[in-house]
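A quick write-up on the structure given underneath.
Here, each number is a calculation from the coordinates, and none is a lab measurement. Note that this is a predicted model, so its numbers are computed, not measured. All Cβ positions, glycine included, derive from the backbone under ideal geometry; neighbour counts span all protein chains shown.
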């Protein structure tokens with residue numbers, strides 16, 4: 001279950017060494033914004049060797065490479081694909097054609113390494129106004145795309161607006177990306193909350209993201225991971241209600257009833273679907289379900 005995604009600087013050996021112990025569902029080893037131009041080559045080799053030799057058994061490994069308009073992205077792909085991370089995070093994706101170009105380079109690298117084509121999945125980072133408007137095309141551009149991430153800091157700069165904790169300036173973009181991802185049947189992740197000292201603000205922001213339909217949320221600080229995991233995990237109350245819904249529906253079918261209610265509310269298809277989602281999430285977390 002992928003709820004939290006923690007960015008880790010690709011040029012920090014100590015952080016790469018300890019990344020698997022920070023309880024994030026996914027770690028994003030960053031070769032882009034967290035690494036200066038002078039350190040790009042060294043960081044790329046460090047990340048390659050970390051993925052190859054360290055046992056990241058608790059967290060999924062994602063590597064954010066450099067964008068297509070940089071001189072680094074092809075070298076990133078050639079070095080990183082060979083160690084088979086779960087996903088490559090593609091920065092500044094603004095259209096479906098960007099995804100196709102990345103695929104061409106990754107396919108060549110996979111072939112060179114003797115890997116099956118399509119082994120490495122993509123998570124495009126949508127952080128431009130054009131990217132937001134093309135969100136569905138990006139989400140459905142290629143079968144490698146399994147998730148998308150909203151990058152609100154660069155997006156706000158592109159929009160020419162101030163980034164705020166309240167997030168009114170990205171409300172449209174959040175909704176647009178969630179709808180696009182759901183329509184394309186891929187996961188969607190909310191932008192990091194950048195004030196590392198505001199624990200309450202982070203929790204509120206995560207709750208807003210969950211209420212909009214985001215699958216999870218990215219983080220730039222390890223101290224945010226626990227709160228994100230909590231917000232995006234079903235509560236015991238939600239699990240118990242979901243199990244009761246499914247038991248009620250099962251009993252109604254056995255008795256040949258076409259209409260059924262629970263706690264004074266009609267149980268229709270959307271409620272059943274939501275209950276199934278909650279139970280599936282609970283099982284992934286290892287919760288013992290009484291069905």
In Å, the C-alpha Rg and Dmax of segment 181-235 are 11.1, 35
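Residue 280 to residue 119: extension gain in nm, 0.36 nm per residue of separation minus the Cα-Cα distance?
Stretched out fully, the residue 280 to residue 119 stretch lengthens by 55.4 nm.
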Given points 7 Å out from each Cα along the Cα-Cβ axis, report the residue 197 to residue 18 separation in nanometres with one decimal.
2.0
Cα extents of the chain along the three principal axes, largest first, in whole Å?
67, 45, 36
Can you work out the PRE-style zone for residue 168? Point 7 Å along Cα to Cβ, and I want the residues of segment 197-229 with backbone N under 14 Å.
none
From the Cα centre of segment 55-122 to that of segment 171-199, the distance in Å is 22
Hey, could you pull the Cα Rg and Dmax for segment 236-284, both in Å?
10.7, 32
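What order, most packed first, do the peptides 119-127, 14-22, 242-250 have when packing is the mean number of other Cβ atoms within 10 Å of each residue?
119-127, 242-250, 14-22
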Where does each of 81-89, 153-161, 55-63 land if you order them by average Cβ count within 10 Å, highest first?
81-89, 55-63, 153-161
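Give, in nm to one decimal, the length gained when the segment between residue 244 and residue 55 is fully stretched (0.36 nm per residue of separation minus the Cα-Cα distance).
Contour length minus Cα-Cα distance gives 64.1 nm.
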Averaged over every viewing direction, what's the projected area of the C-alpha convex hull for segment 203-266? Give it in nm², one decimal, please.
5.7
Defining a contact as two alpha carbons under 8 Å apart and six or more residues distant in sequence, what relative contact order in percent does segment 1-125 show?
21
In degrees from 0 to 90, rounded to the nearest 10, what is the angle of the helix 40-53 Cα long axis to the longest principal axis of the chain?
50
